[in-house]
Amino acid sequence: MNGRGDSEIPDAGDPAEDARRARWTAAGTGALLALVGLAASALRFAGSAPTLVPAAYALGAVVCALASVLGSRGRTRRALWLLIAGAMVMAMGDQID
């Protein structure tokens, strides 16, 4: 035995790098979901869906865009919850159709 226990935790890395990665992930995911929500809203608006469906997609996209802004400013926990809420609003719009 070399005196080193098997249960030692390796170095987790730079906390600043982890925070930067979390900000980029939250901002990128929020932007992607916002674009998808806007595209779905436009497609549903052009079709024969009830008016509430494209409005739900657009509202979910706005919430995800807000999450993207918050994520880029370092508010990643709030951004995560807003991403969940925005996706749920879009899913409810899909269920209405």
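Screening Leu33 against (1) surrounded by 23 or more Cβ atoms within 10 Å (Cβ to Cβ); (2) in contact with a Cys (Cβ under 6 Å, 6 or more places away or on another chain); (3) among the aliphatic types (A, V, I, L, M) leaves a single unmet condition, (1).
Residue count for the stretch 39-58 satisfying the condition of being part of a helix (DSSP H, G or I), surrounded by fewer than 18 Cβ atoms within 10 Å (Cβ to Cβ) and touching a helix residue (DSSP H, G or I) at 6+ places or on another chain (Cβ under 7 Å): 2. Kindly establish whether Arg78 is under 11 Å from the mean Cα position of the chain (by Cα), free of Cβ contacts under 8 Å to residues at least 60 places away in the same chain and surrounded by 13 or more Cβ atoms within 10 Å (Cβ to Cβ). Judged against the criteria, Arg78 is a match. For Ala61, the stated conditions hold: it is buried (at least 16 other Cβ atoms within 10 Å of the Cβ), in a helix (DSSP H, G or I) and within 14 Å of the chain's Cα centre (by Cα). Taking every residue in the stretch 50-63 that is aromatic (Phe, Trp, Tyr) and pairing it with any residue that is surrounded by fewer than 21 Cβ atoms within 10 Å (Cβ to Cβ), at least 6 positions away or on another chain, the pairs with Cβ-Cβ distances below 7 Å are Tyr57/Ala40.
No lab work stands behind these numbers, since they all come straight from the coordinates. Bear in mind that the values here come from a model prediction, so they are computed numbers and not experimental data. Don't worry about glycine lacking a Cβ; one is built from the backbone with ideal geometry, like all the others, and counts go over all protein chains shown.
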